[in-house]
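The values are calculated or read from the model by the stated rules, or taken from the named source; none is laboratory data. Source: prediction; values computed, not measured. Here the Cβ positions follow ideal geometry from the backbone for every residue, glycine too, while neighbour counts run over all protein chains shown.
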Amino acid sequence: MNMLQKLFPNIDDWGEIGRACIDTLLMLGGSLVLTILIGLPLGVLLYLTGKGQLRPMPKLYAITSLLVNILRSVPFIILMIVLMPVTYFLVGTKLGIRGAIPPLVIGAAPFFARLVETALREVQQGVIEASQAMGASLWQIVRHVLLPEARGGIFASITVTAIALVGYTAMGGAIGSGGLGDLAYRYGYLSYKSDYMLVTVALLIVLVQLLQMLGDRIVTRYKQR
Amino acid sequence: MIRFVDVHKSYRVDGRDIPALQPFSLDIADGEVFGIIGLSGAGKSTLIRLINLLERPSGGAIFVGDTEMTALAELALRAQRRRIGMIFQHFNLLASQTVADNVAFPMRLAGERDAAVLRARVDELLARVGLTAHADKYPSQLSGGQKQRVGIARALANRPSILLCDEATSALDPQTTASVLELLAEINRELKLTIVLITHEMDVVRRVCDRVAVLDAGVIVERGAVADVFLHPQHATTRRFVNEALPEEAASELAPFAQVPGRILRLSFRGDTTLTPALGRVARETGIDFNILAGRIDRIKDLPYGQLTLAMQGAGVDAAMAALREAGIEIEELSR
């Protein structure tokens with residue numbers, strides 16, 4: 001403990017850092033699950049309605065695509081502020097973990113959807129044609145061909161999205177969502193306690209590294225079968 | 001029976017209609033192996049995909065049995081497609097599924113849920129294509145020939161009456177090609193399955209097909225029994241395909257025999273006449289002399305045939321030709 005005190009003189013409550021860690025993980029977990037639930041169908045929709053695909057619908061594709069691009073081009077910090085009324089409407093607060101999740105999901109789901117669209121396009125056209133020749137319905141093709149065949153790419157997309165979400169949660173700290181970013185911002189930046197900054201950044205690096213390793217493992221397991 | 005009635009197909013590219021298949025009619029009988037040969041871009045992939053409506057015709061009607069495929073709604077079409085198996089040049093197996101699951105896939109799509117039923121049928125199919133030991137492997141662990149066997153097992157899963165083969169052996173080496181063709185011929189014999197195959201190799205047609213249609217730039221330029229088309233090609237494209245299959249014959253038609261005296265004749269023997277010693281007998285009887293320039297004996301599917309290119313001289317050449325024709329040998333005089 002002495003050692004820690006010597007290295008990080010300003011940190012008097014390690015429990016706070018622990019709670020911030022848990023908050024970050026909760027925000028990440030909650031928003032990742034919702035991002036996948038919304039982004040995956042959206043990605044499938046983008047893929048199916050695209051030009052030359054299974055259900056080409058140029059207008060629907062153009063509208064979805066535009067919406068996705070708009071949400072992706074707004075910097076996350078701005079998106080959070082703009083979305084505050086929506087957030088309040090959805091979860092009844094603009095603060096804390098609950099307040100952070102709606103903007104995180106709205107920011108990340110379009111990004112994830114694009115990655116899913118790209119992963120689905122990697123599926124061999126011939127395999128889709130073969131299943132059509134076997135009399136598969138559109139739903140059967142999505143469920144039993146596209147998603148399983150693209151699962152390596154989809155897991156890679158989930159990994160990339162999770163890491164982007166870690167960055168977003170840290171930004172959320174600036175407007176009061178809690179977690180490691182909040183800690184780094186309040187103590188490290190506003191109060192010049194740079195040891196707080198150091199510890200939180202180190203923890204974020206470890207988190208990102210763990211996510212990447214886990215993601216890579218899953219991807220290697222499913223790819224190149 | 002598969003029937004095409006006044007079918008044509010064109011693609012719309014940049015607002016213009018590009019014709020892929022000129023209007024044609026074609027009947028394919030139950031239980032036969034029908035080959036469609038053509039160069040790439042001739043329209044053969046389009047033609048085979050018209051049968052299960054992976055491609056829709058721009059006009060005309062297509063019948064499979066009594067069903068007018070072109071008149072079916074989505075749901076009925078999917079039900080019909082289950083009765084038509086298809087295999088592909090690049091196999092198109094599900095990389096994420098084991099061999100057994102790939103073979104079970106069409107049955108699952110058709111709604112079969114009973115694991116025991118699936119397992120039994122998969123075992124039976126894998127035994128037929130000789131892959132019993134590979135049931136739990138993934139496609140990436142198999143060779144090309146093995147992948148195509150999985151493709152065949154999968155195509156047979158729902159007990160189809162028709163099997164469509166889209167360049168099924170084009171990605172395989174000659175030995176593997178031979179074994180896959182043998183398997184197709186066996187399936188055709190034992191299951192009484194109608195097989196329609198497209199290829200750019202005359203050798204594939206010669207080995208397994210009963211009848212063939214030659215496709216050239218969207219037009220069927222020649223069709224008939226393989227032996228007729230193979231031994232007496234009429235159209236230039238057909239001749240090119242035949243000559244590719246018989247390189248030595250192709251050479252024999254040209255210059256090297258300019259110095260050889262006599263009339264150059266090509267004799268074709270088919271079936272039983274291949275095995276009778278007619279030429280020697282006729283030579284003795286008519287006193288002609290002959291010089292063999294080129295020759296071969298082979299099989300067209302199950303029919304043995306021979307071709308012999310001769311330079312024939314002597315007073316009795318015309319009599320000899322008549323006698324040979326009498327013996328059932330076809331003769332063609334080649335111009336120098």
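Some values worked out for this structure:
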quantity	calculated
Qualifying position, being touching a Phe, Trp or Tyr at 6+ places or on another chain (Cβ under 9 Å), touching a residue at least 60 places away in the same chain (Cβ under 8 Å) and either crowded, with 19+ Cβ neighbours inside 10 Å or more than 9 Å from chain B (Cβ to nearest Cβ) (or both), among A:Arg121, A:Arg114	A:Arg121
Residue within region A:51-59 that is under 15 Å from the mean Cα position of the chain (by Cα) and either under 30 Å from B:Leu53 (Cβ atoms) or in a helix (DSSP H, G or I) (or both) present	no
B:Arg128 vs. criteria away from chain A (no Cβ under 11 Å), without any contact (Cβ under 8 Å) to a residue 24 or more places away in the chain and not aliphatic (A, V, I, L, M)	no
Criterion (small (Gly, Ala, Ser) and either within 14 Å of chain B (Cβ to nearest Cβ) or under 25 Å from B:Leu164 (Cβ atoms) (or both)) met by exactly one of A:Gly152, A:Gly92, A:Gly96	A:Gly152
Index of the failed condition, A:Asp195 passing every other in (1) within 30 Å of A:Ile22 (Cβ to Cβ); (2) charged (D, E, K, R); (3) within 13 Å of another protein chain (Cβ to nearest Cβ); (4) over 25 Å from the mean Cα position of the chain (by Cα)	(3)
Total residues in region B:57-82, condition touching a Lys or Arg at 6+ places or on another chain (Cβ under 8 Å) and in a loop (DSSP other than H, G, I, E, B)	2
Single condition B:Phe105 does not satisfy, out of (1) at the interface with another protein chain (Cβ under 10 Å from one of its Cβ atoms); (2) farther than 21 Å from A:Ser137 by Cβ; (3) not in a strand (DSSP E or B)	(2)
Residue within region A:13-33 that is surrounded by 14 or more Cβ atoms within 10 Å (Cβ to Cβ) and among the acidic types (Asp, Glu) present	yes
Set A:Tyr168, A:Tyr222: member being surrounded by 14 or more Cβ atoms within 10 Å (Cβ to Cβ), at pLDDT 85 or above and either aromatic (Phe, Trp, Tyr) or touching a strand residue (DSSP E or B) at 6+ places or on another chain (Cβ under 6 Å) (or both)	A:Tyr168
Odd one out for B:Lys137 among (1) within 14 Å of the chain's Cα centre (by Cα); (2) farther than 30 Å from B:Asn243 by Cβ	(1)
Some residue of region B:109-125 being at the interface with another protein chain (Cβ under 8 Å from one of its Cβ atoms), at negative phi, free of Cβ contacts under 8 Å to residues at least 24 places away in the same chain and of a type outside the set (S, T, N, Q)	no
Exclusive hit being surrounded by fewer than 17 Cβ atoms within 10 Å (Cβ to Cβ), free of Cβ contacts under 8 Å to residues at least 12 places away in the same chain, over 30 Å from B:Val242 (Cα atoms) and away from every other protein chain (no Cβ under 14 Å), set B:Arg12, B:Arg16	B:Arg16
Qualifying residue in region B:52-59 (condition: among the acidic types (Asp, Glu) and touching a residue at least 40 places away in the same chain (Cβ under 8 Å))	yes
Subset of region A:124-149 [more than 10 Å from chain B (Cβ to nearest Cβ) and either under 30 Å from A:Thr24 (Cα atoms) or not aliphatic (A, V, I, L, M) (or both)]	A:Trp139, A:Arg143
Residues of region B:112-137 classified as closer than 19 Å to B:Thr176 by Cβ and of a type in the set (Gly, Ala, Ser), total	2
Which listed residue, of B:Leu39, B:Leu21, is farther than 27 Å from A:Ile141 by Cα, touching a Pro at 6+ places or on another chain (Cβ under 9 Å) and away from chain A (no Cβ under 14 Å)	B:Leu21
Evaluation of B:Tyr305 against (1) part of a helix (DSSP H, G or I); (2) under 18 Å from B:Asp203 (Cβ atoms) (one fails), failing number	(1)
Selection from region B:52-77 of residues that are facing chain A (nearest Cβ under 10 Å) and surrounded by 19 or more Cβ atoms within 10 Å (Cβ to Cβ)	B:Asn52, B:Leu53
Selection status of A:Leu90, under 30 Å from A:Arg151 (Cβ atoms), surrounded by 15 or more Cβ atoms within 10 Å (Cβ to Cβ) and of a type in the set (A, V, I, L, M, F, W, C)	no
Any hit, region B:86-102, residues being closer than 21 Å to B:Glu190 by Cα, outside any loop (DSSP other than H, G, I, E, B) and away from every other protein chain (no Cβ under 13 Å)	no
Tally of residues being among the hydrophobic types (A, V, I, L, M, F, W, C), touching a residue at least 24 places away in the same chain (Cβ under 8 Å) and within 30 Å of B:Val205 (Cβ to Cβ) across region B:257-296	10
Enumeration of residues in region B:60-73 that are free of Cβ contacts under 8 Å to residues at least 40 places away in the same chain and within 19 Å of B:Asn158 (Cα to Cα)	B:Thr67, B:Met69
Sole exception among (1) surrounded by fewer than 20 Cβ atoms within 10 Å (Cβ to Cβ); (2) more than 14 Å from chain B (Cβ to nearest Cβ) for A:Ile158, by number	(1)
Any hit, region A:54-63, residues being surrounded by 17 or more Cβ atoms within 10 Å (Cβ to Cβ), on the phi < 0 side of the Ramachandran plot, touching a residue at least 12 places away in the same chain (Cβ under 8 Å) and in contact with a Ser or Thr (Cβ under 7 Å, 6 or more places away or on another chain)	yes
